[in-house]
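The values are calculated or read from the model by the stated rules, or taken from the named source; none is laboratory data. The model shown is predicted, which means the values in this text are computed figures rather than measured ones. FYI the Cβ positions are ideal-geometry reconstructions off the backbone, even for glycines, and counts take in every protein chain you see.
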């Protein structure tokens, strides 16, 4: 398996997943068609499928242009029927998708939207806007409880799972993380590393699940420092995991 990252729009990423045995490929979340088509031509692969994580236009905007070039299998959650352009294969949790000889597992992870999925190929997770590097998506259609459950599920993946998310948001996410957990040395170290990469115009994605558990404030609802800082500012709040997550999400929305 080969993964090719494609910068799209202002800060989106799409990904070509290539089966090296068959030279077949799928694209995850094509925001726009032309950059994907150029990369497909450059890599000399046969594009056979689109894997959409959710219906937002900055993840599906390229579907029509890609479909103009020929028929493709288009995957997305069943709740996004009528919302994902060209959807041919509505998915449910636990379904499988195939790219050549590669097999990916579908994880239903609502919260950002009601029909959000991730695709897990071996140890490589394509999670759209549910989990970001050092962040998570806004709650546009779901609840804090749903997003907490979805993130909890992703946290159970092995530490070496590679996290391929939909946007280049890492630097700003880590800046926010330091406002609620300033004593976390690993956050400071990661921010320094990320700033160095961005100064060179390099991507900060993928990360690993181990790194996210240590530095992503939306996964750190058990952090005593975060709980104490939140309670100091909001003395009456309950520090159960969902309430901590919800307050962190609220603070980030205003950051």
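Flag not set for residue 43, criterion: in contact with a helix residue (DSSP H, G or I) (Cβ under 8 Å, 6 or more places away or on another chain), farther than 20 Å from residue 128 by Cβ and modelled with pLDDT of 95 or more. Taking the criterion of being surrounded by fewer than 14 Cβ atoms within 10 Å (Cβ to Cβ), touching a strand residue (DSSP E or B) at 6+ places or on another chain (Cβ under 8 Å) and either without any contact (Cβ under 8 Å) to a residue 24 or more places away in the chain or in a strand (DSSP E or B) (or both), the only residue of segment 8-45 that qualifies is 20.
Before we move on, is residue 134 touching a residue at least 60 places away in the same chain (Cβ under 8 Å), on the phi > 0 side of the Ramachandran plot, touching a helix residue (DSSP H, G or I) at 6+ places or on another chain (Cβ under 8 Å) and crowded, with 16+ Cβ neighbours inside 10 Å?
Working: touching a residue at least 60 places away in the same chain (Cβ under 8 Å): yes; on the phi > 0 side of the Ramachandran plot: yes; touching a helix residue (DSSP H, G or I) at 6+ places or on another chain (Cβ under 8 Å): yes; crowded, with 16+ Cβ neighbours inside 10 Å: yes.
Criteria met by residue 134.
Scan segment 213-236 and tell me whether some residue there is part of a helix (DSSP H, G or I), touching a residue at least 60 places away in the same chain (Cβ under 8 Å), surrounded by 15 or more Cβ atoms within 10 Å (Cβ to Cβ) and touching a strand residue (DSSP E or B) at 6+ places or on another chain (Cβ under 6 Å). Yes, there is a match, as at least one residue in segment 213-236 is part of a helix (DSSP H, G or I), touching a residue at least 60 places away in the same chain (Cβ under 8 Å), surrounded by 15 or more Cβ atoms within 10 Å (Cβ to Cβ) and touching a strand residue (DSSP E or B) at 6+ places or on another chain (Cβ under 6 Å).
When 141, 68 are screened for being under 20 Å from residue 24 (Cβ atoms), surrounded by fewer than 19 Cβ atoms within 10 Å (Cβ to Cβ) and either out of contact with any strand residue (DSSP E or B) (no Cβ under 7 Å at 6 or more places or on another chain) or at pLDDT below 95 (or both), only 68 passes. Only one entry of 174, 178 meets the criterion of being at pLDDT 95 or above, within 29 Å of residue 233 (Cβ to Cβ), touching a helix residue (DSSP H, G or I) at 6+ places or on another chain (Cβ under 8 Å) and surrounded by fewer than 20 Cβ atoms within 10 Å (Cβ to Cβ), and that entry is 178.
On the given criteria, is residue 241 touching a helix residue (DSSP H, G or I) at 6+ places or on another chain (Cβ under 7 Å), in contact (Cβ under 8 Å) with a residue 60 or more places away in the chain and either more than 29 Å from residue 120 (Cβ to Cβ) or surrounded by 21 or more Cβ atoms within 10 Å (Cβ to Cβ) (or both)?
Values: touching a helix residue (DSSP H, G or I) at 6+ places or on another chain (Cβ under 7 Å): yes; in contact (Cβ under 8 Å) with a residue 60 or more places away in the chain: yes; either more than 29 Å from residue 120 (Cβ to Cβ) or surrounded by 21 or more Cβ atoms within 10 Å (Cβ to Cβ) (or both): no.
Spelling it out, it is not the case that residue 241 is touching a helix residue (DSSP H, G or I) at 6+ places or on another chain (Cβ under 7 Å), in contact (Cβ under 8 Å) with a residue 60 or more places away in the chain and either more than 29 Å from residue 120 (Cβ to Cβ) or surrounded by 21 or more Cβ atoms within 10 Å (Cβ to Cβ) (or both).
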